[in-house]
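Below you'll find the structure, written out as structure tokens, and then a few comments.
No lab work stands behind these numbers, since they all come straight from the coordinates. From a predicted model like this one, the values you see are computed outputs, not experimental measurements.
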Amino acid sequence: MATYIALCTFTDQGIHGVRDTTRRADAAKELAARFGANMTQVYWTLGAYDLVVTIEAPDDATATAFGLAVSSSGNIRMQTLRAFSRNEMNDILGRLN
């Protein structure tokens, strides 16, 4: 499974209903599973982003479909980053020779 990091910000709608944010995170985790992905961590943060989420998915298309589905609720905007483990990075570096 590939790892993704999602940097999320609340929309006006999302902050208006912020009291439901943990419930919405639970619902997003269930939605991820329906797409064949797994939300492994959710952190509520201070600073430029309101949430940082780690996601495991079999491929970019699955991660993208999940991100679009969760964002279409209107509560968050999501910027998704593909993350590489140490072993994955070593495999990539091995291709440089």
Cut-off under 5 Å, modelled amide H: who pairs with Ala2 long-range: Ala57, Asp59
Axial C-alpha extent at least 15 Å, average Kyte-Doolittle at least 0.5 - helices from the chain (DSSP): 60-71
Mean ellipticity per residue at 222 nm, deg cm²/dmol - from DSSP H runs of n ≥ 4 across the chain, formula -39500 (n - 2.57): -12500 deg cm²/dmol
Placed amide H near Ser73: partners under 5 Å, 5+ positions off or other chain: none
